[in-house]
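One structure is given here, and the rest of the page talks about it.
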Amino acid sequence: MISNRHQNVNGHEVWGIVGGMGPLASAEFVNSIYRETPSSKEQESPSVILISDPTVPDRTEYLLNGKHDILLQQLASSIEALSAMGATRIVICCLTIHPLIRHLSPGLRQKIVSLLDLVLDAVLRSRSRHLLLCTIGTRKLQLFEQHVLWKQAQHKVILPDDPDQESIHRMLYEIKNQREVTTYLPFIEDLLRKYSVSSYIAGCTEMHIVAKAHEQFRGRDRREFCIDPLTEILPMMQGNLPASAVHAVEC
């Protein structure tokens with residue numbers, strides 16, 4: 001049996017991360033947590049438990065082919081393991097798998113901070129339009145369009161055409177396979193110009209890696225030109241945003 005020894009250390013939240021989808025994205029997220037949530041001393045840093053399980057089958061392939069049960073079983077197993085280790089809030093470090101959240105038991109759902117909620121909340125707060133960069137699976141499943149906030153936010157979200165969507169999907173999978181991220185920055189800049197926008201939505205967790213590289217490339221804070229849920233959640237991990245700021249998961 002897994003020990004719950006980590007539970008609520010000193011009354012602080014214990015953040016569980018369902019990772020490995022892909023492993024580079026969730027590892028980079030943990031790196032961001034500790035580099036970008038400054039504290040006066042080590043002991044005040046966020047408490048994080050990462051389960052990185054790259055054996056989870058391809059989400060786009062399985063969801064589009066109706067193989068939900070296999071994915072749901074692995075997702076529930078990881079969340080249960082994190083809960084047993086004392087996680088009080090849970091982040092699923094993959095957007096494409098988010099449609100399965102509603103099929104989890106209420107006890108598991110209530111701990112999850114939805115990346116979709118974070119994205120669309122940020123879109124609604126913004127004053128500009130944003131290009132959605134995500135997998136083909138996310139587009140075909142209409143992941144964003146099925147969300148309760150979509151009707152309010154849709155006029156601020158630009159969807160790329162089919163050829164560009166295929167190129168974006170290919171880029172994301174090449175990044176999963178450890179292709180050098182900086183080689184794709186000119187492609188993203190071209191997309192922004194083509195669609196006459198100055199910002200994009202990181203609709204896949206691999207885009208967190210891209211956004212950080214883009215930040216270095218532009219020499220500007222990535223929050224100025226990218227809505228990235230793994231960046232949006234960092235203030236919450238510092239305790240600067242209440243958990244109630246995130247809606248109940250109803251994707």
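Would you be able to tell me the number of residues in the stretch 9-38 that are of a type outside the set (Val, Ile, Thr) and part of a helix (DSSP H, G or I)?
14
If you take the residues in the stretch 86-101 that are of a type outside the set (Lys, Arg) and more than 12 Å from the chain's Cα centre (by Cα), which one is nearest to ILE17 (Cα to Cα)?
ALA87
Looking at (1) in a helix (DSSP H, G or I); (2) among the polar types (S, T, N, Q); (3) modelled with pLDDT under 95, which is the one condition that is false for GLN152?
Condition (3) is where GLN152 drops out.
Looking at LEU24 and the list (1) modelled with pLDDT under 95; (2) in contact with an Asp or Glu (Cβ under 9 Å, 6 or more places away or on another chain), which single condition is not satisfied?
The one condition LEU24 does not meet is (1).
Just the residues that are aromatic (Phe, Trp, Tyr) and surrounded by fewer than 17 Cβ atoms within 10 Å (Cβ to Cβ), please, taken from the stretch 184-194.
Selection gives PHE187 alone.
Can you tell me which of GLU215, GLU206 is surrounded by 19 or more Cβ atoms within 10 Å (Cβ to Cβ), modelled with pLDDT of 95 or more and not assigned by TED's automatic domain parsing to the domain that holds GLU44?
GLU206
Which pairs do you get when a residue that is over 22 Å from LEU159 (Cα atoms), found in the stretch 172-195, comes within reach of a residue that is in a helix (DSSP H, G or I) and of a type in the set (Asp, Glu), reach meaning Cβ atoms under 8 angstrom, with the pair 6+ apart or on two chains?
Cβ pairs passing all conditions: LYS176/GLU206.
The values are calculated or read from the model by the stated rules, or taken from the named source; none is laboratory data. Because the structure is predicted, anything quoted here is derived from the model rather than measured. Ideal geometry is used to build each Cβ from the backbone, glycine not excepted, and the neighbour counts take in all protein chains shown.
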